[in-house]
Amino acid sequence: MPSAHSRQQRLADLRHRLTNPQDAYERCRVYPCTNGTTADRGEGLNRLYCRKHIEFYRRHGSYVKRSYGAGELRPYRAGALAWLRAHGDDQSVRLAIAGVRRLYGAAGAPVEAFRLPGKSPGERARAIWAQLRKREVDPLEVLAAWLVVDLRLRDDPQPDRHDEYRRVQVAKLIHRMAGGTHKRWERDRVDGRTEVTELHKHPVSRGRVLRIVGEDTAFACEHLRID
Ligand SMILES: [Zn+2]
């Protein structure tokens with residue numbers, strides 16, 4: 001039989017919840033966000049995070065840390081590629097290249113961009129590898145993407161060390177390599193010069209597809225590391 005004290009405590013908790021219904025599902029866990037969780041707002045089943053932070057996580061692989069910008073990662077690329085070329089005979093490099101070639105080989109036929117919406121994340125992940133194969137992207141570039149993110153994380157004074165963040169960052173780079181739609185128009189102007197208009201459209205980079213591409217890459221590259 002519960003003691004009088006614990007019974008009293010439970011009654012107090014119940015009274016508190018009835019008078020503060022917001023506490024039922026609490027606030028978003030991200031400090032100092034004050035939004036209610038989606039469950040609290042009746043918008044979903046997530047009892048830990050608000051809608052804004054769920055979307056942030058889908059895009060960046062972290063609830064608090066933004067994705068690295070292209071400018072933050074670019075300085076590492078040349079060094080990573082040079083290291084890979086100098087270590088082409090290393091077992092870890094050879095295995096990683098073979099792993100990427102397997103991904104290219106197992107990806108099936110490329111899918112037209114306009115057919116991608118509605119496909120499952122797994123199908124969209126394979127379409128990214130198929131696109132890399134079609135564009136003849138050197139597997140070393142995929143290995144370099146893995147290393148670039150590793151080097152940046154090692155230099156970052158405030159890194160997110162979760163596998164999730166690392167994988168999403170690598171997948172974003174690979175997703176970019178797969179391209180998007182690029183159009184270019186030239187128009188002759190009256191003054192004799194040529195006006196060039198370019199349109200670059202990349203499919204939105206977020207969600208489960210990034211996790212799958214990130215896992216694929218991690219599986220191929222997990223032993224790759226510049227010491
Ligand atoms: Zn939030």
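Would you mind stating whether Glu141 is more than 16 Å from the chain's Cα centre (by Cα), under 26 Å from Ser62 (Cα atoms) and of a type in the set (Asp, Glu)?
yes
What pairs come up if the first residue lies in the range 149-162 and is under 16 Å from Arg225 (Cβ atoms), the second is among the acidic types (Asp, Glu), and their beta carbons are under 7 Å apart, counting only those six or more places apart or on different chains?
Short answer, once both residue conditions are applied: Arg152/Glu72.
Confirm whether Ser120 is closer than 21 Å to Arg211 by Cα and either of a type outside the set (Val, Ile, Thr) or surrounded by 13 or more Cβ atoms within 10 Å (Cβ to Cβ) (or both).
Yes, satisfied.
Within the range 83-92, is there a residue that is under 19 Å from Arg176 (Cα atoms) and surrounded by 13 or more Cβ atoms within 10 Å (Cβ to Cβ)? It would help to see each step written out before you state the result.
Of the residues in the range 83-92, the ones under 19 Å from Arg176 (Cα atoms) are none.
No.
For the condition away from the ligand (no atom under 16 Å from the Cβ), touching a Leu at 6+ places or on another chain (Cβ under 6 Å) and either modelled with pLDDT of 95 or more or among the hydrophobic types (A, V, I, L, M, F, W, C) (or both), what is the one hit in Ser67, Ser92?
The conditions single out Ser92.
Would you say Ala125 is of a type outside the set (D, E, K, R) and surrounded by fewer than 17 Cβ atoms within 10 Å (Cβ to Cβ)?
Values: of a type outside the set (D, E, K, R): yes; surrounded by fewer than 17 Cβ atoms within 10 Å (Cβ to Cβ): no.
Against the criterion (of a type outside the set (D, E, K, R) and surrounded by fewer than 17 Cβ atoms within 10 Å (Cβ to Cβ)), Ala125 does not qualify.
Which ones in the range 24-37 are modelled with pLDDT under 85 and within 16 Å of the ligand (Cβ to nearest atom)?
Pass one, the range 24-37, residues modelled with pLDDT under 85: 24-26.
Listed by number, the residues that qualify are Tyr25, Glu26.
The values are calculated or read from the model by the stated rules, or taken from the named source; none is laboratory data. All figures in this text were calculated on a predicted structure; none of them were measured in a lab. All Cβ positions, glycine included, derive from the backbone under ideal geometry; neighbour counts span all protein chains shown.
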